[in-house]
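Encoded as structure tokens, the structure appears first; notes follow it.
Every read-out reported here was derived from the displayed coordinates using simple, explicitly stated rules and does not represent laboratory data. Bear in mind that the values here come from a model prediction, so they are computed numbers and not experimental data. As a convention, Cβ positions derive from the backbone with ideal geometry for all residues, glycine included, and neighbour counts pool all protein chains shown.
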There are 2 protein chains.
Amino acid sequence: MEPPSYRIEPLPGYTPIIGRLVGILRYARYTTLKAVDGLTVAELDHLHDQSSNSIGSLLAHIAVVERSYHCLTFEERRPSTQEHASWEPALTLGAEARRLLRNKPLDHYLHELQEARTLTLQGLADRDDAWLERSLSAAPAMNAHWAWFHQAEDEINHRGQIRWLRSRLGSVGAAAGGQRRAVPHNEEM
Amino acid sequence: MEPPSYRIEPLPGYTPIIGRLVGILRYARYTTLKAVDGLTVAELDHLHDQSSNSIGSLLAHIAVVERSYHCLTFEERRPSTQEHASWEPALTLGAEARRLLRNKPLDHYLHELQEARTLTLQGLADRDDAWLERSLSAAPAMNAHWAWFHQAEDEINHRGQIRWLRSRLGSVGAAAGGQRRAVPHNEEM
């Protein structure tokens, strides 16, 4: 895994504001991948308590939320009933996710995340800063800049939960989940 | 609490790139405040398990991390030993935070957050986009744009944990912690 950049700035291949957004998306994803590095199927499936989501289901969630924003921003439409159905139970999480999202290796989730991300980066590379901040026709209170920030924000929210859950998996899981801090604070979870 | 904006775009009173960053900081803070709205002292102090941080200590953490970034970005220096000491145990969290950060009402934490945020917004309003993306002399691998994005990112990470912890406080805490979703997914925590 390449070390992350600690700079937000324009990036080659994107218009300037989109490049800064891509920096945010990349950093968030780096920390997610770091947080799940090396997890086994049993660790990915573990349910901390009866209302917890597994770490695996949270990874699946991050990937399908990203898919839903492809519809909303690149295609300017709400997800169809069929799409919505195909993304359940990862989209809603909860009981159905606990029942169905199991027995997949980490590579399965990483593949789903990577497939969604490839489309995101291609969609963003094909568009410009004026597009980024126009109102979305499928959600007029929102612009695409907020939508893609929110993808990172929802991912970071769940990554916070993944770190918390991982630190309670036991010594093997906790040791591999250590997070290198590049910032002037150091904390336990 | 004013409803949040679902747009990231330039904001009056800030240079254009800084304005977009302020939109991110504001949205993250809105969700934090929403996640802790109405919590009692007992709920703020509750320890889910022996290695958990209380919700109160996570709020204290968010405020002191913001203070530490004032030093790093606005004053271009690392926090002093004295400052660091005064921010402990909120900065490091863990055992000392569990022992010392207790018996404060929500208003105490909200005041700390607001005081730090007022300085942040003033510091950002006084600076420009060229400043935002220059390397920080106290941390040359980092620019201020990343540093302030990271403030929001660390806050969102802990907000994810706060939501998780709050949903397990019992029926009173969980009911008041409901999160209105403005996005095309709906999930349990």
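Of note:
- Angle between chain A longest axis and helix A:144-166 axis [Cα atoms, degrees, rounded to 10]: 10
- Calculated log₁₀ intensity ratio I(q)/I(0) where the Debye formula runs over C-alpha points of the stretch B:94-140, q = 0.14, 0.15, 0.21, 0.23 Å⁻¹: -0.62, -0.66, -0.82, -0.86
- Taking N as the residue count of the protein assembly as shown, its C-alpha radius of gyration divided by 2.2 N^0.38 Å amounts to 0.94.
- Nm distances between copies for residue A:77, ranked from closest, using label points 7 Å along Cα→Cβ: 5.9
- Using alpha-carbon coordinates, inclination of helix A:16-36 to the longest axis of chain A, degrees: 10
- Distance from the C-alpha centroid of the stretch B:1-38 to that of the stretch A:88-132: 25 Å, rounded to the whole angstrom.
- A simple packing score, the average count of other Cβ atoms within 10 Å per residue, orders the peptides B:116-125, A:136-145, A:27-36 as A:27-36, A:136-145, B:116-125, with the highest score first.
- Relative to the longest principal axis of the Cα atoms of chain A, the long axis of helix A:106-125 lies at roughly 10 degrees.
- For the stretch A:89-135, a simple Cβ point-charge model (Lys and Arg +1, Asp and Glu -1, everything else neutral) yields a dipole of about 400 debye relative to the Cα centre.
- Inter-copy spacing of residue A:37 label points, which lie 7 Å from Cα along Cα→Cβ, given in nm from shortest upward: 3.9
- Per-residue mean of foreign Cβ neighbours for B:108-119 is 0 (Cβ atoms of other chains, 10 Å radius).
- Around the Cα centre of the stretch B:34-97, unit charges on the Cβ atoms of Lys, Arg, Asp and Glu (plus for the first two, minus for the last two) sum to a dipole of about 160 debye.
- Residue (of B:132, B:149, B:170) at the positive-pole extreme of the stretch B:125-172, dipole from beta-carbon charges: B:170
- Peptide B:161-170 shows a mean partner chain C-beta count of 3 within 10 Å per residue C-beta.
- Chain A, closest residue to the rotation axis toward B, by beta-carbon, whole angstrom: A:160, 2
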